[in-house]
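Accompanying notes for the structure given below.
The values are calculated or read from the model by the stated rules, or taken from the named source; none is laboratory data. Here the structure is a predicted model, which means the values were calculated and not measured. Glycine also receives a Cβ, built like all others from the backbone with ideal geometry; neighbour counts cover every protein chain displayed. Areas reflect the complete protein model, heavy atoms only, side chains present, ligands, DNA and RNA absent. Shrake-Rupley method; radii C 1.70, N 1.55, O 1.52, S 1.80 Å.
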Amino acid sequence: MFTRKYHILSAVATILLVAAACSVSKEDVLELDGTGKIALLGGRERVVCKWSGVSDAVAGISLDGAGNHFEIDFDGKDGSAVLSPVPEGNGTFSVIWRAKNGETFTGAGIEVKVYGSEYEGGLENRSVLAASYTGSGVEIILSSSCPDDIKGMEFMFTAADGSMKTEYVESYGGGRTQMVRLKEAGDGPLTYRSVWSPLGGAGDIFKSAQAVIVPEMAPSVEGISQAVDGYRGIWFTIGQSKSEYGDKYSGGLGTYTMKHIPMAVYSKEADKTFFVYGGAPDARENYLLCMIGCYDHKSGMLSKPVVVHDKGCYRVCDPHDDPTVQIDKDGHIWVFVAGRANKRPGIRYRSVKPYDISAFEYVNESIMAYPEVIYDKEKGFFLFDTRYDGVRRTFFQTSKDGVNWSDFQPIASIIEPGEEKSGHYQFANYDGEKLVCCFNRHINGSVDTRTNIYFIQSKDWGKTWTTADGTVVELPILREQGPALIRDFHKEGKNCYIKDINFDYKGNPVIYYVTSDNHLTGPDGGARVHSVARWTGKKWKFSDFTESTHCYDSGSLWVDGKEMTIITPSDPGPQLWGTGGEMVMWKSFNGGKTWRRYKTLTRNSPRNHGYARRPLNFNNGFYAFWADGNPDKESVSYLYFCNSEGDVYRMPYHMTQDWQKPELVRKAER
């Protein structure tokens, strides 16, 4: 015999909804000891009955409601059945359980809302804030007000070839605006409607009435490139290799990764440094905003930063999508927004006006992780990037104008016998005559085994490649051993984390890197040794200069004649074993042969500092910039910069004016 037991369960699946207002009641679920559970989900003039955990002794149920009688025979412990037709409206179904021995038991009634034409006729569209023709389609900004019942938007438009097209775009709400880009849309009629599916219902689709969109003839500066009232960095954790010493890496990652090159560019013509970073609305709402800021060297003031691309529209909080920046010969500022893992496209933007960050226009998009953007006034763009199809394979592309790009040209994809995957992280630079590229290798595609350093260079804009001594190298590099390998850390049993590559006063390459015993956090990772590899003109020489507590303690390398500078978080920070620490300036006065601690840049900080970046064509007034953050728990993240003397300034977290002075937080030791 069954024991009769009735109770109400909440948050299993939602049954009762209040039309378009999106309010939800608790679900009515019947549970009898030894029987299982049933739930009724309302759809378009139908009800879906779902059962789970049903005892073998139960034959089925009888349902009566809305003028209908339904007999359902269970064909397993879990299953579903469609009850149709059921008239639109709210109703209660009575439940009778039927046992295989012929006994019946009356259950409590279950309320359900059934939807139909009356519900659909009352649906509204998600609001459009702005729409504009960009020269390559239409960009639309959707309102941040978006009920969870709206699953997407359906756009109907006339394509450039005159054909009518329909494009569906998944909806992202969460209190954030959403950008939609219709690349094929021409200047003909454009309509849209919202696609609804009642929360907790049977999953049926309903559509609001079509509405007309009239795009502007020029990009909407206010809608597409919006200034915000302060410099606020993104906080992030990778959530991997967790231990008592924290995650593999986490904290304030606004200037992450070191493979995003450059993140700042100084313009002599404008006497300004333009810099990009991964931002966030604030510490309470942490999604990624691809930001650009500007420092005016004449006034010593920072402009309000501008949102170039809102990744929050797509629910992205990952700083692997942080942007990079370049300036072309006409003064237009280019922002390359990264897209990680081939899942999200990389997107290129160009400023509407030279040396001006107030408005950006969409240019194009492609697969583009870890963009490293080089520009030559005569030759155009040279892009080093990564594709996640191998798992991480490195490539380069070229473009005269930034609009039309060459095919992907592979650089490295090392897969040794017994392995199935390749993996590499690369770092590049350009001195006006030759391109240089160094990279590591991930054994069988695992980033936690990154090791070795390889080096190649090209003096003819990527047509041919050689080692530092001129030995020709055929691309792609497919084997671990070969002329491009300059240090076999795999054989030494070490991980290798490359941080930067630059040129000495003779034009020879210099590489800054960190080695460790493995990828683990805390003391289990062994010593994290900071080192420099430099080509003397005849051979590679290596020198260690300090140790720190984390593999991702990252900084950059500056060269001024025989004087070299490295700024990196090599001192322990307040979160001892977390990413970053206190910033220190290291110097070499003999071309990198020996190094000494020169200045302490930060001390007694509340949060760790990390990822110090070197601006391209740097001006001494804005020499390096970085972010802070608590790697042990989610926190605010401030952005900082220092001058060449080591004076450290904090960018304003909140701004009340369009231009504002930074705060001097530490005067350099003189």
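Numbers at a glance
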quantity	calculated
Which listed residue, of 410, 417, is farther than 24 Å from residue 331 by Cα, in contact (Cβ under 8 Å) with a residue 24 or more places away in the chain and open to solvent by 10 Å² or more (accessible area, probe 1.4 Å)	410
Residue under evaluation residue 389, criteria (1) at pLDDT 95 or above; (2) outside any strand (DSSP E or B), criterion not met	(1)
Checking residue 212 against (1) within 17 Å of residue 129 (Cβ to Cβ); (2) open to solvent by less than 30 Å² (accessible area, probe 1.4 Å); (3) aliphatic (A, V, I, L, M); (4) free of Cβ contacts under 8 Å to residues at least 60 places away in the same chain, the condition it does not meet	(2)
Options 293, 312, 254, 239; residue that is more than 20 Å from residue 625 (Cα to Cα) and touching a Phe, Trp or Tyr at 6+ places or on another chain (Cβ under 6 Å)	312
Flag for residue 362 being part of a strand (DSSP E or B), open to solvent by 10 Å² or more (accessible area, probe 1.4 Å) and not hydrophobic (A, V, I, L, M, F, W, C)	yes
Among residues of the stretch 517-535, those that are small (Gly, Ala, Ser) and in contact (Cβ under 8 Å) with a residue 60 or more places away in the chain, counted	2
Residue under evaluation residue 453, criteria (1) part of a loop (DSSP other than H, G, I, E, B); (2) surrounded by 19 or more Cβ atoms within 10 Å (Cβ to Cβ), criterion not met	(1)
The stretch 551-574, residues that are over 22 Å from residue 641 (Cβ atoms) and at pLDDT 95 or above	551, 572
Matching strands (runs of 3 or more DSSP E) fully within the stretch 471-557 where at least 3 residues are surrounded by fewer than 19 Cβ atoms within 10 Å (Cβ to Cβ)	540-548
Selection status of residue 256, of a type in the set (Phe, Trp, Tyr), at pLDDT below 95 and touching a helix residue (DSSP H, G or I) at 6+ places or on another chain (Cβ under 7 Å)	no
Complete set of residues in the stretch 39-69 that are of a type in the set (D, E, K, R) and buried (at least 18 other Cβ atoms within 10 Å of the Cβ)	44
Residues that are open to solvent by 40 Å² or more (accessible area, probe 1.4 Å) and not polar (S, T, N, Q), drawn from the stretch 240-281	242, 244, 245, 268, 269, 272
Extreme residue, farthest from residue 437 (Cα to Cα), among residues of the stretch 378-397 that are surrounded by fewer than 17 Cβ atoms within 10 Å (Cβ to Cβ) and touching a residue at least 24 places away in the same chain (Cβ under 8 Å)	389
Residue 166 being open to solvent by less than 40 Å² (accessible area, probe 1.4 Å) and assigned to a strand (DSSP E or B)	no
Residue in the stretch 600-615 that is hydrophobic (A, V, I, L, M, F, W, C), outside any loop (DSSP other than H, G, I, E, B) and crowded, with 22+ Cβ neighbours inside 10 Å present	yes
Sole residue being at pLDDT below 95, under 30 Å from residue 360 (Cα atoms), in contact with a Ser or Thr (Cβ under 7 Å, 6 or more places away or on another chain) and polar (S, T, N, Q), chosen from 127, 55	127
Failed condition for residue 408, given (1) over 25 Å from residue 511 (Cα atoms); (2) more than 24 Å from the chain's Cα centre (by Cα)	(2)
Matching residues in the stretch 264-274 - criterion: being at negative phi and in contact with a Lys or Arg (Cβ under 8 Å, 6 or more places away or on another chain)	264, 266
When residues of the stretch 628-668 are limited to those that are more than 17 Å from residue 294 (Cβ to Cβ) and hydrophobic (A, V, I, L, M, F, W, C), the one most open to solvent (accessible area, probe 1.4 Å)	664
